[in-house]
Amino acid sequence: MPVKKIMVVDDSPTERLILTDLLTRNGYIVVAADSGEKAIAMSREELPDLIIMDVVMPGMNGFQATRTISRQETTSHIPIIMCTSKDLETDKIWAMRQGAQSYLVKPADHDELLAKIASFN
């Protein structure tokens, strides 16, 4: 299934804007959430084709939101790319154990991010 709609989840308005601009310029429809809790609710409502998830957010973090989204029947098919400042190998392993399919460290290289998205088509 081709990726058309992408949800960007990040508590930073600047990061959401940068990613939204990049993705819309490349032909994607973008919806955004500023918290893990909103990401879970919006993933059920919007059913995006892919989610780009930050980890460090107030309240529910990206690991917790990824675990919930990847284990719910209605959203378990949605691939999740973690995009975070956390760059330890243990963080990457933990992200994959929570259900993420890919992991990028901020600031994400835009070409690498677009290539990862394209790999899900």
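Structure notes:
- Overall shape: oblate for region 1-65, with the ratio a/c of the largest to smallest alpha carbon gyration tensor axis at 1.5 or above and b/c at least equal to a/b.
- Relative contact order %, region 5-118, counting alpha carbon pairs below 8 Å whose residues are six or more apart: 23 percent
- Loop GluC sites (Glu not before Pro), region 1-80, which have at most 13 other Cβ atoms in a 10 Å radius of their Cβ (DSSP): Glu73
- The magnitude of the dipole of the chain, with charges of +1 and -1 set on the Cβ of Lys/Arg and Asp/Glu and taken from the Cα centre, is near 300 debye.
- Summing Lys and Arg as +1 and Asp and Glu as -1 over all other residues whose Cβ lies under 11 Å from the Cβ of Leu23 gives a net charge of +3.
- Reachable lysines, given that their alpha-carbon falls under 17 Å from the alpha-carbon of Lys92 and they are not under 8 places away in the same chain: Lys106, Lys116
- Of the residues Thr66, Ala33, Leu88, the one whose Cα sits farthest towards the positive end of the charge dipole of region 5-118 is Thr66 (charges of +1 on Lys and Arg Cβ, -1 on Asp and Glu Cβ, taken about the Cα centre).
- Taking every DSSP helix (H) stretch of at least 4 residues in the chain, weighting each as -39,500 (n - 2.57) and dividing the sum by the residue count yields a mean residue ellipticity at 222 nm of -13000 deg cm²/dmol.
- The fewest-to-most ranking of Met53, Met42 by surrounding Cβ atoms within 10 Å reads Met42, Met53.
No value in this document is a laboratory result; all are computed from the given coordinates. These numbers come from a predicted model, not from an experiment. Please note: Cβ atoms are built from the backbone with ideal geometry, for glycine as well, and neighbour counts cover all protein chains shown.
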